[in-house]
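Trainee: Before anything else, here's the structure in question.
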Amino acid sequence: MPSPQTSSSKPEPNPAQVGAFSPAHPDLKNGAAVPARVASQHYAEALARVIYIWGHPLVNTFRRTSTWDLMKGHGPGMAMGLFPGSPKNHMGYVDDYLPAAQRKIVTPNNDTIYGACFADLAEEPVVVQTPKDVPAGHYWTIQIVDAFTTVIHQLGSASKTPAGKFLLVGPRWRGEAPQGFAGVLRSPTDVAVVMARSFAARTPEAKAQARAVLNQMGATPLSEDRPGLRQFDCEASARNKVYPPNLNADILAADPDILRERPVHGETFWDDLKRALDANPQVGPDDAVMAEQARVLLALRERDPAWKALLDQTAMIADAELFQGARYEQVGTNAGNGWQRQANSGRWGSDWLSRAQAAAIYIYVNDFEEAAYLIRGVDDQGALLNGRYRYTMRFEKDQLPPVDRTRGGFWSLTMYDKDYYMLPESPNNRHNLGTVNLDANELHFGEDGSLTLVLSSDEPRDAAEKANWLPAPRDTFALIVRAYVPDTTILDGTYKLPQVVRQN
């Protein structure tokens, strides 16, 4: 059997660092101590703003572990009847795309069926299972991120991961995997997230195939491991809808916006950060220095009401600024023709700003070599996209996004409203366009081999345009192109998506 986890007490802040914020002689006459006090306050404020950006993804992830209590005693299921939920160290599933009407999770894809496990590796290791029977060219992935949302392992069809069982362990675990395991996967934090995705086209047959692959993917506590591979049941999980007190399906159907609550709030940030750090006493090398500084400010905040007031106000300002700035029209760097991309997505290193922006607008993005995310919120004139107008996006012949179909690659263009949710109801039942529609022969190509997509709230009258129509809301909207298993020309920037052109 594997060795147990080694014990480790929670790190304590350095008293000298905490004390350094207070001038040694704060009561000198004639205001002589004021410059020292102001300098300390300004430094603390600047540090707090950085710590908010650094710690936002950690708090975001840790707040989502509240599903542990909701699902405890219920088994894997659908938390609030909307998204995968499960008790600690188990995987819950949906059995179809996430519902378009939900207003809990921003920017879900409309391409894959999900499974999700929030792991507490301080309690025990988790067994992660990869599928054995996968049709050729079917896309699947099991993405594992640490508590800060950095991708630490990306298993799947893209990397040609073999079938088997892997042992996911925390930073203090010592030992070897039991016999029959394919390997050990290490996490730098005790809290980790395991996200499973299985590609699903629109037909009943395609969704049945997606479920069959997803049912071979899962996560369970090591203490529940048995010899051989398990068979999971995403359909049973989807039927097991679990709601908190005073909430049910009828209430949510009448008011989906009741769940519009961000996981991170400036007003509670410091208390939430303390709990998240207590649950993750050890972090990776890119986060260790900031974790130490965060603990210093937390101790300073507890020491004096004046410091608490300053740090609380700073967190609220930083919170507001992040959500105002983390927009599809702003995040990322130029990828050509008005598109942007976070070229290091998933592998954040010490790029804390990009990591926080991603956590705000599309948390748990895959490793950038697994999936490229190209986003935009403006048209060819630099004006915000708005469904009052009509836009076109013209791919020239043989210029569709290049992906590796042999490893399951595909692409899609997804429409989101100004708050980054899908349209609750689409007039043609489309929320995205891409490989699925091409395979189904639903799109109309021009005589020259080009493909022109139409984006608008009003239905086109022309039959060819109607075939290529992606409905937009009547307000501002945003777009994302996901290219799963992207070609190197996407990764190195050689390939450019076409411009989104507003029509007169």
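The values are calculated or read from the model by the stated rules, or taken from the named source; none is laboratory data. The model shown is predicted, which means the values in this text are computed figures rather than measured ones. FYI the Cβ positions are ideal-geometry reconstructions off the backbone, even for glycines, and counts take in every protein chain you see.
Trainee: Would you point out the residue of region 208-230, among those that are more than 22 Å from the chain's Cα centre (by Cα) and of a type in the set (D, E, K, R), that is surrounded by the most Cβ atoms within 10 Å (Cβ to Cβ)?
Mentor: Filtering first and then ranking leaves Asp225.
Trainee: Follow-up question, since we're still on this one. Given the conditions (1) closer than 22 Å to Ile361 by Cα; (2) surrounded by fewer than 19 Cβ atoms within 10 Å (Cβ to Cβ); (3) in contact with a strand residue (DSSP E or B) (Cβ under 8 Å, 6 or more places away or on another chain); (4) not aromatic (Phe, Trp, Tyr), report the number of the one that Met422 does not fulfil.
Mentor: Failing condition for Met422: (2).
Trainee: Being over 27 Å from Gly137 (Cα atoms), assigned by TED's automatic domain parsing to the domain that holds Ala343 and aromatic (Phe, Trp, Tyr): is that true of Tyr421 here?
Mentor: Yes; evaluated as a whole, the condition is true for this residue.
Trainee: Of everything in region 347-379, what is without any contact (Cβ under 8 Å) to a residue 40 or more places away in the chain and acidic (Asp, Glu)? Give them in sequence order.
Mentor: Matches in region 347-379: Asp351 only.
Trainee: Among the strands (runs of 3 or more DSSP E) contained in region 355-454, which hold 1 or more residues that are farther than 30 Å from Val50 by Cβ and hydrophobic (A, V, I, L, M, F, W, C)?
Mentor: 390-395, 410-417, 432-434
Trainee: Of all residues in region 341-350, which are within 17 Å of Ala371 (Cα to Cα) and part of a loop (DSSP other than H, G, I, E, B)?
Mentor: Correct list: Gln342, Ala343, Asn344, Ser345, Gly346, Arg347, Trp348.
Trainee: Out of the residues in region 312-333 that are within 30 Å of Glu302 (Cβ to Cβ) and among the aliphatic types (A, V, I, L, M), state the one that is surrounded by the most Cβ atoms within 10 Å (Cβ to Cβ).
Mentor: Ala315
Trainee: Follow-up question, since we're still on this one. Please enumerate the residues belonging to region 142-162 that are polar (S, T, N, Q) and farther than 30 Å from Leu273 by Cβ.
Mentor: Ser157, Ser159, Thr161 - these are the residues of region 142-162 that are polar (S, T, N, Q) and farther than 30 Å from Leu273 by Cβ.
Trainee: Do any helices (runs of 4 or more DSSP H) entirely within region 205-294 hold 3 or more residues that are at pLDDT below 95 and among the aliphatic types (A, V, I, L, M), and if so, which?
Mentor: In region 205-294, 249-254 are the helices (runs of 4 or more DSSP H) which contain 3 or more residues that are at pLDDT below 95 and among the aliphatic types (A, V, I, L, M).
Trainee: Among the residues of region 295-340, count how many are among the β-branched types (Val, Ile, Thr) and part of a helix (DSSP H, G or I).
Mentor: Adding up the residues that qualify gives 3.
Trainee: Continuing with this model, one more query. Which one of these is within 22 Å of Leu311 (Cα to Cα), in a loop (DSSP other than H, G, I, E, B) and modelled with pLDDT under 90: Pro2, Pro23?
Mentor: Pro23
Trainee: Across region 403-414, what is the number of residues that are crowded, with 18+ Cβ neighbours inside 10 Å and either touching a Phe, Trp or Tyr at 6+ places or on another chain (Cβ under 6 Å) or of a type in the set (Lys, Arg) (or both)?
Mentor: Total meeting the criteria: 4.
Trainee: Among the candidates Asp475, Asp448, Asp492, which residue alone is in the same structural domain as Arg394 (by TED's automatic domain parsing) and closer than 21 Å to Lys397 by Cβ?
Mentor: None of the others qualify; the one that does is Asp448.
Trainee: Follow-up question, since we're still on this one. Among the residues of region 20-30, which ones are surrounded by 14 or more Cβ atoms within 10 Å (Cβ to Cβ) and more than 21 Å from Ala291 (Cβ to Cβ)?
Mentor: Result: Ser22, Pro23.
Trainee: Kindly evaluate Arg49 against the criterion of being charged (D, E, K, R), within 21 Å of Thr149 (Cα to Cα) and surrounded by fewer than 20 Cβ atoms within 10 Å (Cβ to Cβ).
Mentor: yes
Trainee: Could you look through region 455-496, keep only residues that are among the hydrophobic types (A, V, I, L, M, F, W, C) and part of a helix (DSSP H, G or I), and pick out the one that is nearest to Phe410 (Cα to Cα)?
Mentor: Here the residue is Ile490.
Trainee: Ok, one more. Given the options Gly493, Gly446, name the one that is farther than 21 Å from Gln381 by Cα, surrounded by fewer than 20 Cβ atoms within 10 Å (Cβ to Cβ) and without any contact (Cβ under 8 Å) to a residue 40 or more places away in the chain.
Mentor: Matching residue, one of Gly493, Gly446: Gly446.
Trainee: Looking only at region 230-263, count every residue that is β-branched (Val, Ile, Thr) and farther than 27 Å from Ala358 by Cα and tell me the total.
Mentor: 2
Trainee: State which residue pairs qualify: first residue more than 15 Å from Ala294 (Cα to Cα) and inside region 31-54, second residue part of a helix (DSSP H, G or I) in any location, beta carbons under 8 Å apart, and separation of 6 or more residues or different chains.
Mentor: That search, which allows pairs on different chains as well, returns Gln41/Leu310.
Trainee: Hey, among the residues in region 27-78 that are in contact with a Ser or Thr (Cβ under 8 Å, 6 or more places away or on another chain) and part of a loop (DSSP other than H, G, I, E, B), which one's farthest from Ile363 (Cα to Cα)?
Mentor: Step by step, filter region 27-78, then rank; the result is Gly75.
Trainee: From the list Arg430, Arg502, which residue is basic (Lys, Arg), closer than 14 Å to Asp111 by Cβ and out of contact with any His (no Cβ under 9 Å at 6 or more places or on another chain)?
Mentor: One residue alone meets the criteria, Arg430.
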